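Remarks on the structure that follows.
The values are calculated or read from the model by the stated rules, or taken from the named source; none is laboratory data. Only a predicted model underlies this, so the values are computations on that prediction, with no experimental measurement involved. Glycine gets a Cβ as well: all are built from the backbone with ideal geometry, and neighbour counts include every protein chain shown.
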Amino acid sequence: MANILAKSDIARIVAEKNNLPIKQSEEIVKNVFCIITESLQKGEDVNIHQFGNFKIKERAARNGINPKTKEKIKIPASKAVSFSVSKSVKEAVNCKTSCCKTC
């Protein structure tokens, strides 16, 4: 089973690394995610240097098939969030020693 890093875990780590109260750290982490979400809602790309890029991609309307009934349906146009990871994160993930200094 894979380990999952939750938002509360990120807040705890930020608090420990910066000697902050956990409540203050939770608020900071929440605000960072809100800033990213609000920017994407406005149609803005979000580029976090040496981490990655968030972008909105437009999906065109298309025809589909309901898998239960096999009935043809129209799928409306929609938006999706895409994320592309930075080169430095890719390199850090593949590094087999503790030599990576991305943080």
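For this structure, a couple of remarks:
- Annotation note: of Asn47, Asn31, Asn3, Asn53, the sole residue that is modelled with pLDDT of 95 or more and either loosely packed, with under 11 Cβ neighbours inside 10 Å or assigned to a loop (DSSP other than H, G, I, E, B) (or both) is Asn31.
- In the stretch 3-56, the residue that is farthest from Val93 (Cα to Cα) out of those that are among the charged types (D, E, K, R) and under 14 Å from the mean Cα position of the chain (by Cα) is Glu38.
- Scanning the stretch 1-52 for residues that are of a type in the set (Lys, Arg) and in contact (Cβ under 8 Å) with a residue 24 or more places away in the chain turns up just one, Lys7.
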